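J.: Here's a structure for you.
Since every read-out is calculated from the coordinates, none of them should be taken as a lab result. The shown structure was predicted, so the numbers you read here are calculated from the model rather than taken from an experiment. All Cβ positions, even for glycine, are placed from backbone atoms using ideal geometry, and neighbour counts span all protein chains on display.
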Amino acid sequence: MSFACPWCGEHNELPLDPGEFGQQVVMDCAVCCRPIEIDLPADGEGQPAIRGEGQ
């Protein structure tokens, strides 16, 4: 899955693991290194909610 960083706007890649559906994942932006929270949908359908930590 590709998405834009909420902090700097650069594109990042998140490999989707079906075991993570319904959970929140935190990863650092590959460019600006700021934390990004990603809420994955429980059923694997739809778009994940992406936000900067503390936003």
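J.: Want the number for Val26 to Ala4: 0.36 nm per residue separation, take away the alpha-carbon distance, what's left?
T.: 6.5 nm
J.: Within the chain, report the GluC sites (Glu not before Pro) that DSSP leaves as loop and that have at most 10 other Cβ atoms within 10 Å.
T.: Hits after loop and neighbour filter: Glu45.
J.: Just the isolated ones, please: cysteines in the chain lacking another cysteine beta carbon under 4.7 angstrom.
T.: Cys33
J.: Treat every Asp and Glu Cβ in the chain as -1 and every Lys and Arg Cβ as +1, leave all other atoms uncharged, and give the resulting dipole magnitude about the Cα centre to the nearest 20 debye.
T.: 200
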